[in-house]
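First comes the structure, then the notes that go with it.
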Amino acid sequence: MTFKEKVKQVVEEALLEKPSVFLIDLTVTDSFKIIIGIDGDNGVVLQDCIDLSRAVEGNLDREEQDFSLEVASVGVGSPLKLVRQYKKNIGRTLIVKTNSENIEAELVEANDLFIILSWKAREAKKVGKGKETVQKELQLPYADIKEAVVTVTF
């Protein structure tokens with residue numbers, strides 16, 4: 001078993017004890033720096049990072065392989081990677097990049113196949129001059145999403 005495989009196994013076992021927390025990124029560099037990014041259905045608190053860090057530290061032998069360890073929650077500006085992240089962010093505003101456009105809209109639904117976005121747009125009136133505000137909705141399969149980021153509004 002390689003060092004990276006052992007780290008992955010230790011992280012997965014540790015996360016079984018906290019079912020609301022899930023792994024987003026796991027990187028083991030050539031210099032044996034372990035970088036773990038986690039998220040949670042209800043967010044991530046500092047204690048989640050501490051617990052995971054202690055589990056990894058306690059189950060890897062530094063005599064066998066020296067390493068450095070970094071455990072953090074994914075930031076607000078980080079792209080969404082898992083369906084589970086989309087589901088937890090229903091009701092929030094996303095900036096979604098596709099091959100053809102960028103859309104800033106509210107995430108109104110997320111299932112295992114696609115998301116549904118809703119936003120208001122100004123379009124030319126069908127009759128007469130001027131513009132009117134219309135409500136738009138788009139069903140977007142995950143395969144069509146290049147990147148999606150939650151926006152923070154103040």
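The values are calculated or read from the model by the stated rules, or taken from the named source; none is laboratory data. Because the structure is a prediction, the values reported are computed rather than measured. Virtual Cβ from ideal backbone geometry, glycine too; neighbours counted across all protein chains shown.
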Considering residues of the range 112-154 that are polar (S, T, N, Q) and touching a residue at least 24 places away in the same chain (Cβ under 8 Å) only, the residue nearest to G77 (Cα to Cα): T151
Looking at (1) surrounded by fewer than 16 Cβ atoms within 10 Å (Cβ to Cβ); (2) farther than 30 Å from W119 by Cβ; (3) among the hydroxyl-bearing types (S, T, Y), which is the only condition S53 fails? (1)
For S73, all conditions in the list (1) over 22 Å from Y86 (Cα atoms); (2) touching a Cys at 6+ places or on another chain (Cβ under 8 Å); (3) hydroxyl-bearing (S, T, Y) hold save one; what is the number of the exception? (1)
Yes or no: G91 of a type outside the set (D, E, K, R), in the same structural domain as I145 (by TED's automatic domain parsing), within 18 Å of V150 (Cβ to Cβ) and surrounded by fewer than 13 Cβ atoms within 10 Å (Cβ to Cβ)? yes
Filter the range 103-154 down to residues that are among the acidic types (D, E) and touching a strand residue (DSSP E or B) at 6+ places or on another chain (Cβ under 8 Å) and give me whichever is nearest to K81 (Cα to Cα). E147
Which strands (runs of 3 or more DSSP E) does the range 1-89 wholly contain that include 1 or more residues that are of a type in the set (A, V, I, L, M), closer than 25 Å to A143 by Cα and touching a residue at least 40 places away in the same chain (Cβ under 8 Å)? 21-28
